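> First the structure, which I've put down as structure tokens, then a few questions once you've had a look.
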Amino acid sequence: MISTLKNLITLAEKGEFALRIPLNDFIDQMKRLEQELEHKVLKTRSENNISLTDFAKNFIPYAKKCLRILEDGIYSSSDENNYEMDQHLTIGIARDSMTTWAINCIKNFNKMHPGLRLSVIADDNVTPRMINNSTIIFWCVEGDLPGFNKIWYIEYKYGLYASESYLQKYGEPALSTMKNHKVIAYSGKDNNASLSNWHLTGEYNLPPLKPSIFSQSRDLIVKMASEGLGIGAICERQDVYYGYPLLRRVLKFVDGPVLRSYFMIRNGINEQVHCNVALFDQLFKLYFKSQNIEICYCK
């Protein structure tokens, strides 16, 4: 059933088979699906012209939902320590966020609600596993994330930062001298890579800059800047987000991009799970408010 649904969805969206199976095998899969659904799925079945019926096209959103439920069941059932799903939360979050400020929220939640089982999926990208298995996702995303509702967000306002030791050694940077300074750049590959390197593009009132140091971790960029290795493109309140208070903003008239991290909840969760989410939501918001970080609610 899983491979059948994957092939149907991929054919509808990309015009190809997800699992690269022979045409005859694919048609056999669709025939069995037609028997189960009691509706035609394939309109044409020639090798060069395979198309879906209107019913199949309308069925795709439900096929995705079925596939997600099946994969959730497999993922949960494979855990050697079985648990009640109503007493379980899975959080999807960026790796850098998890290893810095978010760990405090996780620790406090675990202390206050020890009866709830908490899983964390930390990654550099929003992966299919994260989307399929998370109850809550906290991530910087521009558009909507299918299957999730955006509830609130915090903002990361970026500028250029350096340590006092760097400034004492190399002097206060100016636009005319920026090309002579050591610049730190992000070398990771994810959806926000270009935004992380906004200071290299020749925009934001800056000349195009050539970095001398690269890092695959945003957290490490902040640490290297705090150690006096160069000037980094870092968000304000880095003492809260990353734990390095010894940085000073330079070229204060240069405002970088503003990123938003959204607190997103999966659609269709039951009442008990929603109550569990509310507990985590409340603790998350209390943490940010204690750090004087504004929480903005989505309309």
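The values are calculated or read from the model by the stated rules, or taken from the named source; none is laboratory data. These numbers were taken from a predicted model, which means no experiment stands behind them. Cβ: placed from backbone, ideal geometry, glycine included. Neighbour counts: every protein chain shown. All accessible areas refer to the heavy atoms of the entire protein, side chains included, with ligands and DNA or RNA removed. Shrake-Rupley method; radii C 1.70, N 1.55, O 1.52, S 1.80 Å.
> To the nearest 0.05, what FRET efficiency results for Leu70 and Glu13 with a Förster distance of 25 Å applied to their C-beta separation?
On the way: r = 18 Å, r/R0 = 0.73.
Once rounded, the FRET efficiency stands at 0.85.
> Relative to the longest principal axis of the chain, what angle (0 to 90°, nearest 10) does the C-alpha long axis of helix 102-112 take?
Once rounded, one gets 70 degrees.
> Right, something else. State the antiparallel share, in %, of DSSP beta bridges confined to the chain, rounding to the nearest 5.
Details: 28 of 42 bridges.
Antiparallel bridges make up about 65 percent of those DSSP assigns within the chain.
> Taking only Cα atoms, what is the 0 to 90° angle, nearest 10, from helix 271-290's long axis to the longest principal axis of the chain?
Roughly 10 degrees, rounded to the nearest 10.
> Then there is this: Rounded to the nearest 10 degrees, what's the angle between the helix 54-77 long axis and the longest principal axis of the chain, both from Cα atoms, 0 to 90?
Around 70 degrees separate the two axes.
> Let me have the relative contact order for the chain, percent, based on Cα pairs under 8 Å that are six or more residues apart.
Taking the mean separation of contacting Cα pairs over the length of the chain, I get 21 percent.
> Whole Å is fine, so just give me how far the alpha carbon centre of the range 117-143 lies from that of the range 254-299.
What the calculation gives is 14 Å, centre to centre.
> Further question on the same structure: If you plug each phi of the range 115-121 into the Karplus form 6.51 cos²θ - 1.76 cosθ + 1.60 with θ = phi - 60°, what whole-Hz ³J(HN,Hα) values come out, in order, with x for Gly and Pro?
Values, residue by residue: x, 9, 8, 10, 10, 10, 10 Hz.
> If you don't mind, there's one more thing I want to ask. Nothing charged except the Cβ atoms of Lys and Arg (+1) and of Asp and Glu (-1): what's the magnitude of the dipole of the chain about its Cα centre? Round to the nearest 20 debye. Don't jump to the answer; show the numbers that get you there.
Working: 35 positive and 33 negative charges, 135 e Å.
Using Cβ point charges on Lys, Arg, Asp and Glu, the chain gives about 640 debye.
> State the label only: which of [x] 75, 51, 37; [y] 115, 37, 35; [z] 53, 39, 35 corresponds to Cα extents along the principal axes in Å computed from the shown model?
Of the labelled values, this structure produces [x].
> On to the next question. Given a 1.4 angstrom probe, I'd like the percentage of the accessible area of the chain that is carbon and sulfur, rounded to a whole number.
On the way: 7970 of 16280 Å².
Result for the chain: 49 percent of the exposed heavy-atom area is carbon or sulfur.
> Another question, if that's okay. Quick one: if the Förster radius is 35 Å, what FRET efficiency do Ser194 and Leu283 give, using the C-beta to C-beta distance and rounding to 0.05?
On the way: r = 33 Å, r/R0 = 0.94.
Given R0 = 35 Å and the Cβ-Cβ separation, E is 0.60.
> Among the listed pairs Lys57/Lys150; Lys107/Lys285; Lys157/Lys189, give every one whose C-alpha distance is greater than 23 Å. Let's see the in-between values first.
Values: Lys57/Lys150 27 Å; Lys107/Lys285 15 Å; Lys157/Lys189 21 Å.
Table pairs above 23 Å Cα-Cα are Lys57/Lys150.
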